[in-house]
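See below for the structure under consideration.
FYI, it's all coordinate maths here, none of it is from the lab. Note that this is a predicted model, so its numbers are computed, not measured. Quick reminder, even Gly has a Cβ in these numbers, built from the backbone with ideal geometry, and neighbours come from all protein chains shown.
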Amino acid sequence: MISRGSTDGDSNRARKARSRRECLVVDGRRRDEPVISFGPEDLRGVSLPHNDTLVIQARVANYDVLRVFVDNGSSVNVIFKEALVQMDLHEYQLEAVETALFGFAGHAVYPEGEIALPLTLGTGDLMNIVMIVFTVMDAPSSYNIILGRPAMNEMRAVASPYHQKIKFPVRGQVGEVKGDQPSSRRCYGETVRIDQKKARREGKEKECQEETQEREVHFVVEEEQEVVEIELGKNVRVAQDICTSTRVNLLQCLKTNISVFAWDLNKACPKDCYPLPRIDRLVDSTSGCELLSFLDAYQGYHQIPLALEDQDKSSFITAGGTFCYVVMPFGLKNAGATYQRLMNLLFQKQIGRNLEVYVDDILIKTREGSHFIDDLAETFTTLKQYGIKLNPSKCVFGVKSGKFL
């Protein structure tokens, strides 16, 4: 069981919005929703008897994700950081979270943040897609995602662990997703092993603490230090009680050899105030378009080369030697502004007319279906001209609606 303060959200704004919705809703039932039920036919393929949890496969942000645990005991939807890394989504900025999560043992754990991602259940005509807010946890787990009550209620889904199945309404019909019993049993076994290792580790730590308390403890008083600026914005720490002559010689030596130190690059970079587009304007500009195509630049930042004279500023050390970036890395202070300026320059003849772009997300908008191929060809010509590569797994062409950004 995973819980967090209120099920309405992490902020006061979310809780107030929930209260307003409750005041407005008189009858929440939808007249076109079918009756959802489970019968003997739903047990076909299920290994009986069993006491397995319900673990399914789902599509999240255009990725097929295995080991998705359906947990009605959780008041939040959880995605583990390792899964975000494997999905190549870890560089996206997370929404801050102030409230801790409390597990079955009652320990407080603070998340890394929240992220909204599209969740797809079902296939074909019985497919349902909703936007789900996930709480990001950096912790070991045999699962990639935990779908809690918020996701289940958002999809109006009903889960039956006994029947190893989820059912949900889709346009007057009932869609379903079957559980993966072998995966469920593997996850359970891994969870038990993780808990056993944790218990053994905590037991050893307790023994060490008890032994330490029995021994004589020697305290070392930390010597007083002060921060000294040896060059503008570049500070070092030196002992406070050294004699004046030694201090002068020390500072002179540090200034002479300042090149041996590595300084935080982002602090040295002036802020590039080039603005990113307004998201609401981009979305509104697609109104009335007959066909849409969503494109994603493959590792977009890495397609921009760094100036040769600036490459050594991005150096980093590994066990195999010292290296530097030859392309613009993620996390660089002005990377977003630089990339947006480039895209605005490349597509200046199309932006607003048949294309919108937000950093590495490109949206081709076709107002009349007869111009669809022409709009695609024009965009591809520009991409080829400047050597911009796309990620095919994140592109979709000729749809009437979709998730942008």
Tyr63 to Lys400: extension gain in nm, 0.36 nm per residue of separation minus the Cα-Cα distance?
119.2 nm
Please turn the phi angles of the range 308-319 into ³J(HN,Hα) values with the Karplus equation 6.51 cos²θ - 1.76 cosθ + 1.60 (θ = phi - 60°), one per residue in order, whole Hz, x for glycine and proline.
4, 6, 9, 5, 5, 6, 9, 5, 8, 10, 10, 5
Anisotropy class of the range 295-405 from Cα gyration tensor, a/c 1.5 cut
prolate
Can you bin every Cα-Cα distance in the range 340-405 into 5 Å intervals starting at zero and give me the percent of pairs per bin, rounded to whole numbers?
3, 15, 30, 30, 17, 5, 0
For Thr256 and Thr99, extending 7 Å from Cα along the Cα-Cβ vector and measuring point to point gives, in nm, a value of 6.1 nm
How do the peptides 175-183, 141-149, 385-393 rank, highest first, by the average count of neighbouring beta carbon atoms within 10 Å per residue?
141-149, 175-183, 385-393
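Once the cut-off is 17 Å, how many percent of the Cα-Cα pairs in the range 276-338 end up in the long-distance tail?
Details: 1162 of 1953 pairs.
Counting every Cα pair in the range 276-338, those more than 17 Å apart make up 59 percent.
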Which whole-Hz ³J(HN,Hα) couplings does the range 325-342 yield from phi under the Karplus relation 6.51 cos²θ - 1.76 cosθ + 1.60, θ = phi - 60°, glycine and proline marked x?
6, 9, 10, 5, x, 5, x, 5, 3, 9, 4, x, 5, 4, 5, 5, 4, 5
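Based on the mean of other beta carbon atoms within 10 Å per residue, what is the order of 375-383, 313-321, 52-60, most packed first?
Details: 375-383: 15.6, 313-321: 9.4, 52-60: 20.8.
Order by mean packing, descending: 52-60, 375-383, 313-321.
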With each pseudo-label sitting 7 Å past Cα toward Cβ, what's the Ile279-Val326 distance in nm, one decimal?
3.6 nm
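Rounded if a/c is under 1.5, else prolate if a/b is larger than b/c, else oblate: which is the range 45-158, with a ≥ b ≥ c the root eigenvalues of its Cα gyration tensor? Before the final figure, lay out each step's value.
Numbers: a/c = 1.66, a/b = 1.22, b/c = 1.36.
Cα axes put the range 45-158 in the oblate bin.
Assuming 0.36 nm per residue, please report the length gained on full extension of the stretch Glu190 to Glu224 beyond their Cα-Cα distance. Please list the in-between numbers first.
Numbers: separation 34, 0.36 × 34 = 12.24 nm, distance 4.83 nm.
The Glu190-Glu224 span can extend by a further 7.4 nm.
Full extension from Glu290 to Asp88: what is 0.36 nm times the residue separation minus their Cα-Cα distance, to one decimal in nm?
Details: separation 202, 0.36 × 202 = 72.72 nm, distance 3.09 nm.
Full extension of this stretch gives 69.6 nm more.
Can you pull the Kirkwood radius for the range 92-169, inverse mean 1/r over Cα pairs, to one decimal in Å?
On the way: mean 1/r = 0.0690 Å⁻¹.
Final number for the Kirkwood radius of the range 92-169 is 14.5 Å.
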Arrange the peptides 332-338, 63-69 so that the one whose residues have, on average, the most other Cβ atoms within 10 Å appears first.
63-69, 332-338
Would you list the P(r) distribution for the range 146-186, with all Cα-Cα distances sorted into 5 Å bins from 0 and each bin expressed as a whole %?
6, 20, 28, 26, 13, 5, 1, 0
